Structure formats: structure tokens, C-alpha cells
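Enquirer: If you scroll down you'll find the structure; I have some questions about it.
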Amino acid sequence: MATLPFGWLAIVRLGLVQTALGAVVVLMTSTINRVMVVELALPAIVPGGLVALHYAVQVLRPRWGYGSDRTGRRTPWIVGGMAALALGGFGAAVATALAETHPAAGLALAVLAFLTVGMGAGAAGTSLLVLLATGVEARRRGAAATIVWVMMIAGFAITAPLAGHFLDPFSGARLVAVSGTVSLIAVLVAILAVRGIEPARMDPADAGAAKRPFPEVLARVWAEPDSRRFTIFIFVAMLAYSGQELILEPFAGLVFAMSPGVTTKLAGLQHGGVLAGMLVVAGLTIGIGGPVLGSLKLWTTLGCAGSALALLGIAGGGLAGADFPLRIPVFALGLFNGIFAVAAIGSMMALAGAGGEAERGTRMGVWGAAQGLAFGAGGFLGTVAVDLARLVAPRAVDAYAGVFAGEAVLFVLAAALALRIAHAPATEVPRARRVASPFEATLSIG
């Protein structure tokens, strides 16, 4: 039966799930992090370790994806994951407030809350990407990845200042109330966003294949050369991508004597570059660039190679001296990071269907686990590498330059892996039939 692909409205609606997800997560990584360190005077390693738990539990993503493969429905896993995420976010706020008077009980609850956040984000995020991969046309994958990513960032940008406004004057009760409100709104938004949008259940042949046990399906996915190579690519690229996350601003402060305000603006410039890179890929892969410039494989490789050159530029700039225009390679790093990120997500959606509908969730889960573990490890390992390098390097700039150069090597390796990945043909058509809601059928322009 013919498939009705997702229109732009449907893609935006699914992007709202990412907005809701981002709204909950930003309170965990910024507000609760700050409260623990400043108001509660806890060591920074406490919130750092809790965030690491959130990333570590991403290893369960293949299992969540397999679960949605077996049921043949992604919506329950998205809604259930968002509910767990919201419960964990609210629990983290309660734990933080409790830690003020009962530290041991508060921290024990915080561990449970952050684990719940990780599991919820993994379940919802994996099934959301599978649903996009099922319904988005090949030519729209780059644009869809950009829309979803930008809407997640919008969740950060909208929630943080609003939450900050209602948290003053600060108290544990206010933190619990604000977190509970954000969590409740996030779940409601996600439920409304996915209502009536999912395709019909998978074909009977796929449903039968989905009954294979999880270890067998996981082994099949890993045994496939392209799937295994793409998993390694994701891990290496995201390790390099996140490695500079926690060291770029300290580098600018130590080597270029920039004030905290100036380094914050530098980070903003980098994020602006990321957005520009995403928009470039979205525009060119939607049909403007033709078969050559519209290739996700091309942009994935170019993004990795360009990121490597930008990191070498940052390293060389530090060695050149304080007069070096650091803003140029930093913007370039953001630009090529954005290009790589969107093209990689688009490629992920294309490759997810290589084993049929019955394996989409498991495949996406494997790649999501690689991404989550690499992102969590990258920031930590970047700081460790700088500290170790400073023990042997005569100057701070030499230590930072060595670490940036090491990250550039990882990006070069990722580019080489990207060239060897076979991408799904542009004519790939999802097999499931989508039933559009009346609201979308009326307003969709796709």
C-alpha cells in the first residue's frame, strides 16, 4: 500500500517532542547543577557524576529500540519515555531540595532520579528518531534533522530564562514547583505532538521477524559491516565533537586572557556556527544542491574534515600568540560541527531501514548508545587529557594545543570511516502506511 510521507507540519510536531525533552533536561544540567554546587556547597563532582549516570544508562537504548520493534508501535515508547523523563526531572528537584536537610537521602534519591532521566530520554529519543526515519522522505532527512535539533535547543533557550525568573527568590520549594510545572507541561506537549501521527502497525512479515530474541537481533545488527562501521564512526566522531566542550573556554581564558563574559560570547559564536552549518545542510540536501551537493555522505565527511582543520587552527592560534583572531577558527569549528551533526543524523535515519522495519529500533538504539556514551566520555576525557598534558608540557598553551590536535586526529579518522559507509538509496520508501490526523491532513504543506 502507498505510504503518505511526513509533511513539514508532522516533522515540526515531532520536533516539539524534542523541545519538551530539552525543557526537562536543561533544568538538570544547568539549574540543579548550579544549586548543588552553589546553594548546597556540594563538590562539583557530585552533579558531574549524576550527569555521567544519565549518559551511562544510554547503553540501554538498543533494548528500548528493540521493545518498540516488537510492539510495532513507537508512540507508546515516546510517551512512556517522556513520562519517565519528566518523573526523573521532578524527582531530581525533590532530591536537591531534600539534600539541604537530609544529604544522604537527597543524594540517594538524586541517583535514582538521574537514572530515570537517562532511561526516559533514551526510550523517547530512540523511538522518536525511528518514527522520523520511517516517515521522512530521503530528500527531507537533512532538513528534518535540523528542525528537530533546533527545536530541542529552543527547549533549552525558552525554559532556562523562564525557570530562572520563577526561581527568584530561591527556595527548595520553588525549585520543586518550577520543575514539576515544566515536567507536566513537557509530557502534555509530547502527548499532543504525537497524537494520531504514527503510521499503521508494521506488516505481518515484519511483526513475525520482530519476535526474534533481543540477543539474536542485536548480534545481527552488529554483524552487519555497514552497521558496525557506522556505530564506530558515531562513537569516534562524537568523542571528538564533545572533547572540546569543557576545555575551549578555559583555553581562551588562560591563553588569550579573555574574561568570562568574552569567553561566553565566544561559546555563543560557536553555537551560531553550529546553527549556520545545520541550515546549510538542510537547504542543500532538500533538493537545491542536486545529487552531488545533496549527498549526506559528502556533508558528513566534509563536516568531520572541516572540524579537524578548525581544531588545528585553534591549536595553532594559541601557539601563534594572543593577537591571533581566535573567533575565526571557533566559528569554523561550530560551522563544521553543525554540518557533520545534521548530515550524520540524516544518514542514521537512512541506514536505520536497511534491515527492515523489525530492526529499525534496535539499530537506532545501538547508534544512540554509541552517541550517548561518547558524548558523556568526551567532555570528561578532554579535561583529563588537558590535566595530564599540563603535567609534562612546559606551558598551558602547549598542553591545550596537544589535546586539540588529538581531537583533530579523531575527526580525521571519523571522516575516513564516513567515506566507507554505504548510504541507503534516495528512493527508499518506508513500508508502513501512515494514517494522518485530520488536523495534519488539513494543514500539512508537504
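The values are calculated or read from the model by the stated rules, or taken from the named source; none is laboratory data. Not measured: the values here are computed from a predicted model. Glycine gets a Cβ as well: all are built from the backbone with ideal geometry, and neighbour counts include every protein chain shown. We work out accessible area using only protein heavy atoms, side chains counted, and drop any ligands, DNA or RNA first. Shrake-Rupley method; radii C 1.70, N 1.55, O 1.52, S 1.80 Å.
Enquirer: Would you mind working out the accessible area per residue for the chain, using a 1.4 Å probe, and quoting it in Å²?
Expert: Dividing the accessible area of the chain by its residue count gives 41 Å².
Enquirer: What shape does region 300-382 have by the C-alpha gyration tensor, where a ≥ b ≥ c are the square roots of the eigenvalues, rounded means a/c under 1.5, and otherwise prolate means a/b greater than b/c and oblate the rest?
Expert: prolate
Enquirer: Separate question: Give me the percent of the accessible area of region 298-426 that comes from carbon and sulfur atoms, probe 1.4 Å, all protein chains in place.
Expert: Here carbon and sulfur together make up 73 percent of the probe-accessible area.
Enquirer: Order the peptides 12-25, 181-194 from the highest to the lowest mean number of other Cβ atoms within 10 Å of their residues.
Expert: 12-25, 181-194
Enquirer: Hey, can you rank 410-419, 156-165 by average C-beta count inside 10 Å, highest first?
Expert: 410-419, 156-165
Enquirer: Additional query: Modelling each spin label as a point 7 Å along the Cα-to-Cβ direction, I'd like the D323/W8 distance in nm, to one decimal.
Expert: About 4.9 nm separates the two model spin labels.
Enquirer: Taking a spot 7 Å from the Cα of I185 along the direction of its beta carbon, which residues of region 154-169 have an amide N less than 14 Å from it?
Expert: Once the point is set 7 Å along Cα→Cβ of I185, 154-167 turn out to lie under 14 Å by backbone N, inside region 154-169.
Enquirer: Moving on. Taking 7 Å along the Cα-to-C-beta vector as the label spot, tell me the S171-T29 distance in nanometres, rounded to one decimal.
Expert: Reported label-point gap for S171 and T29 is 3.1 nm.
Enquirer: Moving on to the next point. How far, in nm, would the chain grow between A44 and V59 when pulled straight, counting 0.36 nm per residue and subtracting the alpha carbon separation?
Expert: My answer for the length gained is 3.0 nm.
Enquirer: Sticking with this structure for a sec: Sorted by packing (mean other beta-carbon atoms within 10 Å per residue), highest first, where do 141-148, 114-121 land?
Expert: Highest-to-lowest ranking by the protection proxy: 141-148, 114-121.
Enquirer: Which one of F324, F404, F230 has the biggest mean-square fluctuation once the chain is modelled by GNM with Cα springs under 10 Å?
Expert: Result for the chain, Cα springs under 10 Å: F324 fluctuates most.
Enquirer: How would S242, S259 rank on accessible area, largest to smallest, probe 1.4 Å?
Expert: Highest to lowest solvent-accessible surface, that is S259, S242.
Enquirer: On to the next question. Could you compute the FRET efficiency for I158 and A219, with r as their C-beta to C-beta distance and R0 at 30 Å, rounded to 0.05? It would help to have the intermediate numbers written out before the result.
Expert: On the way: r = 42 Å, r/R0 = 1.42.
Computed FRET efficiency for I158 and A219 comes out at 0.10.
Enquirer: If I model a spin label at A416 and D226 as a point 7 Å from the Cα along the Cα→Cβ vector, what separation in nanometres do I get?
Expert: 2.3
Enquirer: What value does region 273-421 have for Rg/Rh, both radii from Cα atoms and Rh as Kirkwood defines it?
Expert: 1.04
Enquirer: Would you work out the relative contact order for the chain, in percent, from Cα pairs under 8 angstrom that are 6 or more residues apart? If you can, show how the numbers build up before the last one.
Expert: Working: 778 pairs, mean separation 125.9, N = 446.
Relative CO of the chain lands at 28 percent.
Enquirer: Determine the gain in length on full extension of the stretch A405-T264; use 0.36 nm per residue of separation and subtract their C-alpha separation, reporting nm with one decimal.
Expert: Once the chain is fully extended between A405 and T264, it gains 48.5 nm.
Enquirer: Right, something else. Given axes a ≥ b ≥ c from the Cα gyration tensor, I'd like to know whether region 19-145 is rounded (a/c under 1.5), prolate (a/b larger than b/c) or oblate.
Expert: prolate
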